[in-house]
Amino acid sequence: MNAWWHEVWVTLQAEFADIGDASQLTRITVRLLIAAILGGILGFEREHKGKAAGVRTHMLVALGAALFVLVPQMSGSQADAMSRVVQGVIAGIGFLGAGTILKNQDGDEGHVKGLTTAAGLWMTAAIGVSAGLGREATAVFSTLLALAIFSVMPRIVKLLENKD
């Protein structure tokens, strides 16, 4: 029986040996934390504005996107395989975004809600992919641009509309 438990222990060690050293652990931690934090920043802005997809949703989208690209990259996947992974993330977020878009049923057939939320989730996934691939500076810069679009552009549009 002792040999059986030893075999179980060795198998468990092998199953949890995907993080080889402190460098790899640091890399994984930084990439996933950056993705989650940046997603949370965008989600906070959306939640602050009373939108349905808030902090948790944006954090999960960014974290999930980062994880989807991080795992194959750390497993040594080639560029063509990574391209397919990214395509899958984009398609999956497309379905999630489609679920946030609602057409107004109150007689105004031209009014659609949720397009900005869907686009924001799409952008959040792109930021997560960027962080997951180790492009943290690009992810941070993209987050700042997205924040500017979410925060500053409505004010600019309002100013321009008031001038007419």
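The values are calculated or read from the model by the stated rules, or taken from the named source; none is laboratory data. Note that the structure is predicted; figures quoted are calculated from it, not measured. Please note: Cβ atoms are built from the backbone with ideal geometry, for glycine as well, and neighbour counts cover all protein chains shown. Protein only, heavy atoms only, side chains kept; ligands, DNA and RNA dropped before computing areas. Shrake-Rupley method; radii C 1.70, N 1.55, O 1.52, S 1.80 Å.
Computed values, structure above
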quantity	calculated
The chain: most fluctuating residue of Ala119, Ala22, Ala131 per GNM, C-alpha cutoff 10 Å	Ala22
Dipole axis of the chain (+1 Lys, Arg; -1 Asp, Glu on Cβ), positive-most option in His58, Val157, Val140	Val157
Within a Gaussian network of the chain (alpha carbon springs, distance under 10 Å), most fluctuating of Leu60, Leu25, Leu96	Leu25
Å² per residue, accessible surface of the chain at 1.4 Å	67 Å²
3J(HN,Hα) from dihedral phi, the range 128-139, Karplus parametrisation 6.51/-1.76/1.60, rounded to Hz, x for glycine, proline	x, 4, 4, 5, x, 7, x, 9, 5, 5, 5, 5
Dipole magnitude of the chain about its Cα centre (Cβ charges: Lys, Arg +1; Asp, Glu -1), debye to nearest 20	480 debye
Fraction of accessible area attributable to carbon and sulfur, the range 35-157 (%, probe 1.4 Å)	67 percent
Square roots of five times the Cα gyration tensor eigenvalues for the chain, Å	40, 18, 14
Solvent-accessible area of Val8 with every protein chain in place, 1.4 Å probe, in Å² to the nearest 10	50 Å²
The range 23-164 - percent relative contact order, Cα under 8 Å, separation 6 or more	29 percent
For the range 1-84, the fraction of alpha-carbon pairs in successive 5 Å shells from zero, as %	3, 13, 15, 14, 14, 12, 10, 8, 5, 3, 2, 1, 0
Principal semi-axes in Å for the range 108-164 [√(5λ), Cα gyration tensor, largest first]	28, 17, 5
Phi-based couplings in Hz for the range 49-65 (Karplus 6.51, -1.76, 1.60; Gly and Pro marked x)	8, x, 7, 5, 8, x, 4, 4, 4, 5, 5, 5, 5, 5, 5, x, 4
The chain: most fluctuating residue of Leu42, Leu145, Leu12 per GNM, C-alpha cutoff 10 Å	Leu12
Ellipticity estimate at 222 nm from DSSP helix runs (n ≥ 4, -39,500 (n - 2.57)) divided over the chain, nearest 500	-27500 deg cm²/dmol
